[in-house]
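The values are calculated or read from the model by the stated rules, or taken from the named source; none is laboratory data. Remember, predicted model here, so these are calculated numbers, not experimental data. Methodologically, a virtual Cβ is constructed for each residue, glycine included, from the backbone with ideal geometry; neighbour enumeration extends over all protein chains shown.
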Amino acid sequence: MESKRKSRLGHVISDKMDKTVVVAVETPKRHPLYKKTMRRVVRYKAHDEKNKCQVGDKVIIVETRPLSREKRWRVAEIVAKAEVVEISPEEITREDLAKITPEKKAEEKETPEAKAEEAAGEEVKAEEGKTAKEAEPKAKEKPKEEVEAAEAKAEKKAKAEKKKAKPKEKAEEEKETAKAEEKPEAEAEDQPS
């Protein structure tokens, strides 16, 4: 006779409680209007009598009588054990990170952009027929020229802004002088002779 109890396959996401694990069960479901398949994740608290489950284990849980306020499932079997991490995050030191970072830098150098730059450098050397040391100073001169051109543009912009500001300042000064001249004339008219 086949069991009438429901069973689910999921991953253990927490084992901090005593004789209890939290199991995440993922079920695909199609959206009724858009027909896109969505992930529906439900978390169940399941009874683990011998505390054998660890985080990441793949387990089958089976429906059972209420064991507590939220526990209605128990772990039937552990399908696959999770890989044990050799080192915990708290134990990682700067030395361990230093070992990892050079590998990343080596990988970054192999990007297509880096390869293109290397190829361009080799072409320049081949055209000139010079060694790498002789080709480097010319490569450094180009950025200097570019920097000088950028500085010249900045100076032109600054001069143009000053020229624009000068007419405004002159107009303001003329208004102030005109007001100053009008005030004595208005005061002279107000006084009886």
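One residue is enough: does the range 3-24 have a residue meeting the conditions on the phi < 0 side of the Ramachandran plot, of a type in the set (Gly, Ala, Ser) and in contact (Cβ under 8 Å) with a residue 60 or more places away in the chain? Yes, the range 3-24 contains a residue that is on the phi < 0 side of the Ramachandran plot, of a type in the set (Gly, Ala, Ser) and in contact (Cβ under 8 Å) with a residue 60 or more places away in the chain. A single member of Glu83, Glu26 is closer than 23 Å to His11 by Cβ, modelled with pLDDT of 95 or more and acidic (Asp, Glu), and it is Glu26. Just the residues that are exposed (fewer than 12 other Cβ atoms within 10 Å of the Cβ) and among the hydroxyl-bearing types (Ser, Thr, Tyr), please, taken from the range 62-81. Ser68, the sole residue that qualifies. If the condition is being outside any helix (DSSP H, G or I) and among the small types (Gly, Ala, Ser), then the range 73-101 contributes Ala76, Ala80, Ala82, Ser88.
Here Tyr44, Tyr34 are screened, and the one residue that is assigned to a strand (DSSP E or B) and either at pLDDT 95 or above or in contact with a Lys or Arg (Cβ under 9 Å, 6 or more places away or on another chain) (or both) is Tyr44. Among the residues of the range 38-56, those that are in contact (Cβ under 8 Å) with a residue 12 or more places away in the chain and under 30 Å from the mean Cα position of the chain (by Cα) comprise Arg39, Arg40, Val41, Val42, Arg43, Val55, Gly56.
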